[in-house]
Amino acid sequence: MPELPEVEAWRRALDEPVSAFPIVKAGPAHVATLKTFDPPLSALEGRRLSGAERRAKRLLFPTDDGELVVLVHLMTAGRLRYLQFGERGPKTPAFRLVFEGGSQLVLTEAGAKKRAGVWLLNPEEAEQELAHLGPDALGLGAERLAAICSEESRRLHSMLRDQRVMSGIGRAWANEILHHAQLSPYELTRDLTTDEVERLAEAIDSELTRGLELRERGANDKRTYRVHDKLGEPCYVCGTPIARVDFEEHTIYYCPECQTGGRILKDRRLSRLLR
Ligand SMILES: [Zn+2]
């Protein structure tokens with residue numbers, strides 16, 4: 001699933017083009033993609049978007065009159081593309097906005113399952129829809145992170161991915177961040193020393209920033225990730241082969257030398273069965 005760096009790179013790329021011209025045609029939308037019916041999509045026609053915003057892993061496109069917000073969650077396989085007039089696009093996009101002059105914003109989703117969503121909301125409804133999300137992970141800082149860590153004791157990998165606690169990080173960037181911070185994914189939040197909290201806060205910012213810079217230049221997953229999905233490849237710090245462990249419904253990648261003092265993490269799903 002695209003996370004903060006990926007979605008923020010798209011936001012920056014879309015911000016200017018989507019606000020250049022008013023919308024002349026909104027829709028059609030796939031029945032599974034459009035999550036709201038009132039107001040109808042046609043309410044967007046004749047209005048202009050003020051740009052692209054991001055909240056956690058979602059994109060928001062408010063109208064410049066302040067009355068409506070198009071909220072988009074791309075989930076795993078959804079992609080938004082801005083097409084110039086005449087540029088070929090998909091025959092049946094999951095969602096489409098056509099702008100004056102013929103350029104388009106189209107949402108496509110690979111695979112048969114339609115999981116990406118589009119909501120057309122008024123600003124109060126949009127606020128409610130996003131109210132459960134914690135502060136943006138980028139720029140969180142050591143002080144707020146320390147407060148979060150002291151609230152409840154839980155494993156770092158799962159805390160980083162909890163959108164109610166901080167928003168924008170998923171399993172890929174949790175792997176990258178914990179490796180950079182040289183912390184075990186299984187370490188408990190309350191066991192962190194002040195130094196470790198500071199290291200983690202620094203790792204969140206530097207890894208998300210590194211990811212954003214790479215994604216803005218169009219880098220693919222293989223070039224962007226250094227730990228995630230790199231089983232058996234040498235750690236970029238110490239050369240130890242990257243290890244993998246299954247945890248809850250996720251797979252974690254880590255370096256046993258840099259992060260766990262040489263220990264191989266046990267599969268928690270398996271050990272639960274054997275207990
Ligand atoms: Zn290492």
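Computed from the coordinates by the stated procedures, all read-outs in this text should not be read as laboratory data. On a predicted model such as this, the values are computed, not experimentally measured, just so you know. Ideal geometry is used to build each Cβ from the backbone, glycine not excepted, and the neighbour counts take in all protein chains shown.
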The chain, relative contact order [Cα under 8 Å, separation at least 6], %: 16 percent
Neighbourhood net charge (12 Å Cβ-Cβ; Lys/Arg +1, Asp/Glu -1) for Glu129: 0
Angle between the chain longest axis and helix 171-180 axis [Cα atoms, degrees, rounded to 10]: 40 degrees
From the C-alpha gyration tensor of the chain, square roots of 5λ in Å: 38, 20, 17
Ranked list, fewest to most other Cβ atoms within 10 Å of each Cβ, for His132, His73: His132, His73
Tilt relative to the chain, helix 194-216 - C-alpha long axis, 0 to 90 degrees, to 10: 40 degrees
Calculated FRET value between Arg144 and His250, using beta carbons and R₀ = 30 Å, to 0.05: 0.75
Equivalent ellipsoid, segment 1-61 (semi-axes from 5 times Cα gyration tensor eigenvalues, Å): 22, 17, 9
Relative packing of 157-165, 33-41, which averages over residues the other C-beta atoms within 10 Å, highest first: 157-165, 33-41
Spatially proximal lysines relative to Lys266 (Cα-Cα < 21 Å; intrachain offsets below 8 disregarded): Lys230
Virtual spin-label span in nm between Thr193 and Glu213, 7 Å along Cα→Cβ: 2.9 nm
Radius, Kirkwood style, for segment 22-95 when every pair of distinct Cα atoms is counted (Å): 13.5 Å
Difference of contour (0.36 nm per residue) and Cα-Cα distance, Glu202 to Asp221: 4.6 nm
The chain: angle of helix 142-151 to the longest principal axis, Cα-based, in degrees nearest 10: 70 degrees
Summed residue charge, Cβ within 11 Å of Ala243's Cβ, Lys/Arg positive, Asp/Glu negative: +1
Whole-percent pair-distance distribution, where bins are 10 Å wide, for the alpha carbons of segment 108-203: 15, 42, 23, 18, 3
Sorted largest first, extent of segment 180-253 alpha carbons per principal axis (Å): 38, 28, 25
More than 27 angstrom apart: percent of Cα pairs within segment 13-156: 27 percent
Per residue convex hull volume, Cα atoms of segment 145-275, in Å³: 113 Å³
